[in-house]
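These notes concern the structure reproduced below.
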Amino acid sequence: MDFGLSADQVLFQTTLRRFLAEKCPTTRVRTIMETETAHDPDLWRDLAALGVTGLLVPVEYGGSGQELLDLALAAEELGYACTPGPFLGHALATVCVLEGASDAQKKDWLPAMASGEVVATVAWGEAGSQWNPEAWNTRFDGKGLTGEKLFVPYGNVADFLCVGAKDPAGEVRLYRVDRDAPGVTVRALSVVDMTRKVQHVRFENAPATLLDGAPEALSRAIDAGCILVAADAFGGSRRCLEMTVEYAKTREQFGQVIGAFQAVKHQLANMACELEPALSLWWYAAHAYDHIRDQAPRHAAMVKAHLTDLFDRVTRDATELHGGIGFTWEYDLHLWFRRAIFDRGFLGDAQYHRERAAQLAGW
């Protein structure tokens, strides 16, 4: 069976890579991340024009009707370029609506989401919950939604949030809450990754609309999120390896380039050997998400754990191989080092997802 990319997928990925290299080099990344919102509306509109925001959305709602693998390819390139912006939260909110909204809600909400005109995000994390929905305390009492959510991606920019909360019967469901609705308070959180801002959002009897489609929408969205974060981590790891190989070819010490030293060669070879098989791992997880649904949760948990651990190791090894310059603010490597920390923690750390994968496998 051929698990290679189609010609259309290769073309899309190549086009996006070239676009980001031209329109979002690290100089622009730094400019955007140092703003209050770390969001550039012009860049967001350009990504929407390329179809990134509407990849999963069916054609009848203004999207291109692609699969999660296509969206994950975009996530890989955004991770490679260390692109700032609300892509991740918006993509997960799109999955929430696709999987959990009624037909009428999809008709009302998806067209503007596909075009990028409306920015959405997800509000899932809570203090001490390890991202486990069963431990969430946010509740909808039939009249309003009350609770607190942490690490909400671009909660200050999004027009609405897909909030995970328990209904009056204690079942975990998804609710749409508009950011400017009464009872919603958004406060910035200080985090290491400056390319993706997150917020603390408090709800005090806030008006909320139940996504009244499939109740398993939240678990599907979490699986999608794990795969997208894994793809981002792979793209970032690939970029760090390329930067380090190039540096080893030009940095001289003891009369020769450092890449000539066996110890450096072995480090780079180890990084490459770890990275190469990881590609098929997240490709298959994305394939399973759409085609082998009963296997998707386990594979999503495995790729989240493995790829984010790998991203962490690659950025650390790359920094050490660069020596002192790798630790400086002026050198770009720390952008991915910081991004790796976000990827490792968002939606749960590696230990959480390894335990989850083991449980799903029946161990």
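The values are calculated or read from the model by the stated rules, or taken from the named source; none is laboratory data. Note that this is a predicted model, so its numbers are computed, not measured. Here the Cβ is made from the backbone with ideal geometry for all residues, glycine too, and neighbour counts use every protein chain on show.
If you check Ala135 against the conditions, is it surrounded by fewer than 15 Cβ atoms within 10 Å (Cβ to Cβ), without any contact (Cβ under 8 Å) to a residue 24 or more places away in the chain and not assigned by TED's automatic domain parsing to the domain that holds Gly89? Write out each step before concluding.
On the way: surrounded by fewer than 15 Cβ atoms within 10 Å (Cβ to Cβ): yes; without any contact (Cβ under 8 Å) to a residue 24 or more places away in the chain: yes; not assigned by TED's automatic domain parsing to the domain that holds Gly89: yes.
Answer is yes for this residue.
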What's the number of the condition Asp223 fails, among (1) in contact (Cβ under 8 Å) with a residue 24 or more places away in the chain; (2) not assigned by TED's automatic domain parsing to the domain that holds Leu281?
(2)
Can you find even one residue in the stretch 254-277 that is polar (S, T, N, Q), surrounded by fewer than 19 Cβ atoms within 10 Å (Cβ to Cβ), touching a residue at least 40 places away in the same chain (Cβ under 8 Å) and under 14 Å from Ala72 (Cα atoms)?
no
Regarding the stretch 16-26, can at least one residue be identified that is in contact (Cβ under 8 Å) with a residue 60 or more places away in the chain and closer than 21 Å to Ser280 by Cα?
yes
All conditions in (1) hydroxyl-bearing (Ser, Thr, Tyr); (2) in contact (Cβ under 8 Å) with a residue 24 or more places away in the chain; (3) part of a loop (DSSP other than H, G, I, E, B) are true of Tyr175 except (3)
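Results for (1) surrounded by 23 or more Cβ atoms within 10 Å (Cβ to Cβ); (2) assigned by TED's automatic domain parsing to the domain that holds Ala74; (3) not polar (S, T, N, Q), shown as yes or no for each residue.
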site: Gln105; (1), (2), (3): no, yes, no
site: Ser129; (1), (2), (3): no, no, no
site: Gly142; (1), (2), (3): no, no, yes
site: Glu148; (1), (2), (3): no, no, yes
site: Ala169; (1), (2), (3): no, no, yes
site: Val172; (1), (2), (3): no, no, yes
site: Val184; (1), (2), (3): no, no, yes
Can you name every residue in the stretch 305-363 that is surrounded by fewer than 15 Cβ atoms within 10 Å (Cβ to Cβ) and farther than 30 Å from Val257 by Cβ?
Gln351, Ala358, Gln359, Ala361, Gly362, Trp363
Which members of the stretch 59-98 meet the condition of being touching a Ser or Thr at 6+ places or on another chain (Cβ under 9 Å) and either assigned to a loop (DSSP other than H, G, I, E, B) or not assigned by TED's automatic domain parsing to the domain that holds Phe19 (or both)?
Gly62, Gly63, Cys82, Thr83, Pro84, Gly85, Pro86
Phe311: in contact with a helix residue (DSSP H, G or I) (Cβ under 6 Å, 6 or more places away or on another chain), in a helix (DSSP H, G or I) and in the same structural domain as Glu242 (by TED's automatic domain parsing), yes or no?
yes
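Right, Arg239: modelled with pLDDT of 95 or more, over 18 Å from Ala120 (Cα atoms) and not in a loop (DSSP other than H, G, I, E, B) or not? Talk me through it step by step, then tell me what you get.
Values: modelled with pLDDT of 95 or more: yes; over 18 Å from Ala120 (Cα atoms): yes; not in a loop (DSSP other than H, G, I, E, B): yes.
Judged against the criteria, Arg239 is a match.
I need a count of the residues in the stretch 118-131 that are in a loop (DSSP other than H, G, I, E, B) and in contact (Cβ under 8 Å) with a residue 24 or more places away in the chain. Give the steps one after another, and end with the answer.
Narrowing the stretch 118-131 to residues in a loop (DSSP other than H, G, I, E, B): 118-119, 124-131.
Of the ones still in play, those that are also in contact (Cβ under 8 Å) with a residue 24 or more places away in the chain are 118-119, 124-126, 130-131.
Count: 7.
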How many residues of the stretch 321-348 are at pLDDT below 95 and touching a helix residue (DSSP H, G or I) at 6+ places or on another chain (Cβ under 7 Å)? The answer is 5
Working carefully through the options Asp193, Asp232, Asp223, find the one that is outside any helix (DSSP H, G or I), under 23 Å from the mean Cα position of the chain (by Cα), buried (at least 21 other Cβ atoms within 10 Å of the Cβ) and at pLDDT 95 or above.
Asp193
